[in-house]
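Asks: I have a structure here, written as structure tokens, and I will follow up with some questions on it.
The values are calculated or read from the model by the stated rules, or taken from the named source; none is laboratory data. Keep in mind that what you see is a predicted model, and the values were worked out from it rather than measured. Cβ: placed from backbone, ideal geometry, glycine included. Neighbour counts: every protein chain shown. For the accessible areas, the whole protein counts, side chains as well, though only heavy atoms, and no ligand, DNA or RNA atoms are used. Shrake-Rupley method; radii C 1.70, N 1.55, O 1.52, S 1.80 Å.
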Amino acid sequence: MSSPFQRYRRTTIVAGAAVAGLLIVGAPVTAFALTGTFSSTPANAHATAGGNSEGAPHWTISKQVLKAAAKPAAQKAGAAALPTYGYVAAAGGDEVVKINVAADAIIGAYGADTGEGIAVSPSGSTLYIAQTGQYSVITTNTTTGAQAEIEVGAYPQDVAVSPSGALVYATLTGGDTGPGGSHQVAVINTATNAVTSDITVGTAPRQVVFSPDGSRAYVTTESGIYVISTATSRVVRVIPDLDDPQGIAISPDGSTLYVTNPDAGTLWQINAASGRVTGVVNAGAEPYSVTITPNGGTVYVADENSNSVDVINAATGRVTGSIAVQGLPMSIAATPDGSQVWVGNGYTGSISVISTATNTVTHTISGGGQATALNSALTSIAFGS
């Protein structure tokens, strides 16, 4: 099946045995911690180019009981400040909502055809939206709302921006098996807003994350995690995972990957340098997405079918708590200062805002208008200055 759009000229890079430096790594593991609950073995080791101003907001914020609490470690002197804006992809409502975090005010929305994945440039000036209902990634000026499209291939699901801001990776989920098909990651040069290459990975690429130093990108697929060298745009390792991995996060020091396996109900901890699985924790029902606080101390996992968020001590692997949220939590992200964790609830069309100091829900951002229950699918959350 060919794309209805004219393709950019690009290089297609295939992950296979002939790829230089490709390592296929098994999943032998070691104990995660002396008293942790990680087990020692895994179960199966529509915008248009030219501009679009911000639309009218469709959401409201409902404050719950707020209690004063000591700042978490990541929020103390020298840590990042609370972000200026939060962005939430309401894929079912064909929009990305913009929220002023400090003022608790929803200030606008950007159009996108089923925009499932979003990412913000390090400067906060550009929002990238994976327009899953189309063949493009939308670039959005976060100040003016002006938008333009970059044609990447069929049905991009997720996007990530490199720490330098020079690259954007987009996972493609279309039915094609050639360039732009369901085995591809498109590489975008942000200086030109053009796709420079395609990297072939495993079937059905889902989420993508960069290492903190930008040297590696990690992509979940239906058969495992693909590790890409960003310098060469080549796959350098495949970490097998037959439990159909979905969500992925990386520790602030780049040493550890956390991967959710919804079908198996587990969270894997992986040594990023070796590709070895070092721990497995039993999460709630269908753990879908994962985030880690900026100080690397706590991992939060959104469990879709138990309407809860697991709180996990990263040092011990111990599940220290479970936080009840609203229906079908499917996306999760920690704020850069570490004081909050936002959870996107797909069924209710709302966001539960968790205080990391108390591990309680302190705000609920509720859907309205286009972002109504069952029409929201809050698939991604990102923050920017």
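Asks: For the condition small (Gly, Ala, Ser), at pLDDT 95 or above and touching a helix residue (DSSP H, G or I) at 6+ places or on another chain (Cβ under 9 Å), what is the one hit in Gly247, Gly297, Gly284?
Replies: Details: Gly247 fails: touching a helix residue (DSSP H, G or I) at 6+ places or on another chain (Cβ under 9 Å); Gly284 fails: at pLDDT 95 or above.
Every option except Gly297 fails the conditions.
Asks: If Leu328 satisfies every condition in (1) over 22 Å from Tyr87 (Cα atoms); (2) open to solvent by 40 Å² or more (accessible area, probe 1.4 Å) but one, which is the exception?
Replies: The number of the failed condition is (1).
Asks: In addition: Inspect all residues belonging to the stretch 97-114 and state whether any of them is surrounded by fewer than 24 Cβ atoms within 10 Å (Cβ to Cβ), modelled with pLDDT of 95 or more and part of a strand (DSSP E or B).
Replies: Among the residues of the stretch 97-114, not one is surrounded by fewer than 24 Cβ atoms within 10 Å (Cβ to Cβ), modelled with pLDDT of 95 or more and part of a strand (DSSP E or B), which makes the answer no.
Asks: From the list Gly349, Gly384, Gly338, Gly279, which residue is under 24 Å from Gly108 (Cα atoms) and either buried (at least 24 other Cβ atoms within 10 Å of the Cβ) or out of contact with any strand residue (DSSP E or B) (no Cβ under 8 Å at 6 or more places or on another chain) (or both)? Write out each step before concluding.
Replies: Working: Gly384 fails: either buried (at least 24 other Cβ atoms within 10 Å of the Cβ) or out of contact with any strand residue (DSSP E or B) (no Cβ under 8 Å at 6 or more places or on another chain) (or both); Gly338 fails: under 24 Å from Gly108 (Cα atoms); Gly279 fails: under 24 Å from Gly108 (Cα atoms).
Of the residues listed, the single one that is under 24 Å from Gly108 (Cα atoms) and either buried (at least 24 other Cβ atoms within 10 Å of the Cβ) or out of contact with any strand residue (DSSP E or B) (no Cβ under 8 Å at 6 or more places or on another chain) (or both) is Gly349.
Asks: Do the conditions hold for Pro122, that is, is it open to solvent by 20 Å² or more (accessible area, probe 1.4 Å), farther than 18 Å from Asn193 by Cβ and assigned to a loop (DSSP other than H, G, I, E, B)?
Replies: On the way: open to solvent by 20 Å² or more (accessible area, probe 1.4 Å): yes; farther than 18 Å from Asn193 by Cβ: no; assigned to a loop (DSSP other than H, G, I, E, B): yes.
Here the answer is no, as Pro122 does not meet what is asked.
Asks: Tell me, yes or no, whether the stretch 205-216 has at least one residue that is modelled with pLDDT of 95 or more, open to solvent by 20 Å² or more (accessible area, probe 1.4 Å) and hydroxyl-bearing (Ser, Thr, Tyr).
Replies: Yes, the stretch 205-216 contains at least one residue that is modelled with pLDDT of 95 or more, open to solvent by 20 Å² or more (accessible area, probe 1.4 Å) and hydroxyl-bearing (Ser, Thr, Tyr).
Asks: For the structure I just gave you, tell me whether Gly175 is surrounded by fewer than 24 Cβ atoms within 10 Å (Cβ to Cβ) and modelled with pLDDT under 95. So that I can check it myself, show each step before the final result.
Replies: Values: surrounded by fewer than 24 Cβ atoms within 10 Å (Cβ to Cβ): yes; modelled with pLDDT under 95: yes.
So Gly175 fits the description; yes.
Asks: Name, by its number, the condition in (1) under 18 Å from Val353 (Cβ atoms); (2) hydroxyl-bearing (Ser, Thr, Tyr); (3) open to solvent by 20 Å² or more (accessible area, probe 1.4 Å) that does not hold for Thr293.
Replies: (3)
Asks: Shifting gears a bit: Which of the residues that make up the stretch 328-349 are of a type in the set (A, V, I, L, M, F, W, C) and either modelled with pLDDT of 95 or more or at negative phi (or both)?
Replies: Of everything in the stretch 328-349, those that are of a type in the set (A, V, I, L, M, F, W, C) and either modelled with pLDDT of 95 or more or at negative phi (or both) turn out to be Met330, Ile332, Ala333, Ala334, Val341, Trp342, Val343.
Asks: Just to be sure, is Val299 aliphatic (A, V, I, L, M), farther than 20 Å from Trp342 by Cβ and in contact with a Ser or Thr (Cβ under 8 Å, 6 or more places away or on another chain)?
Replies: Working: aliphatic (A, V, I, L, M): yes; farther than 20 Å from Trp342 by Cβ: no; in contact with a Ser or Thr (Cβ under 8 Å, 6 or more places away or on another chain): yes.
Taking the combined requirement at face value, the residue does not satisfy it.
Asks: Which of the residues that make up the stretch 228-239 are surrounded by fewer than 24 Cβ atoms within 10 Å (Cβ to Cβ) and closer than 20 Å to Val290 by Cα? Break it down stepwise before answering.
Replies: Pass one, the stretch 228-239, residues surrounded by fewer than 24 Cβ atoms within 10 Å (Cβ to Cβ): 229-234, 236-238.
None - no residue of the stretch 228-239 is surrounded by fewer than 24 Cβ atoms within 10 Å (Cβ to Cβ) and closer than 20 Å to Val290 by Cα, so the list stays empty.
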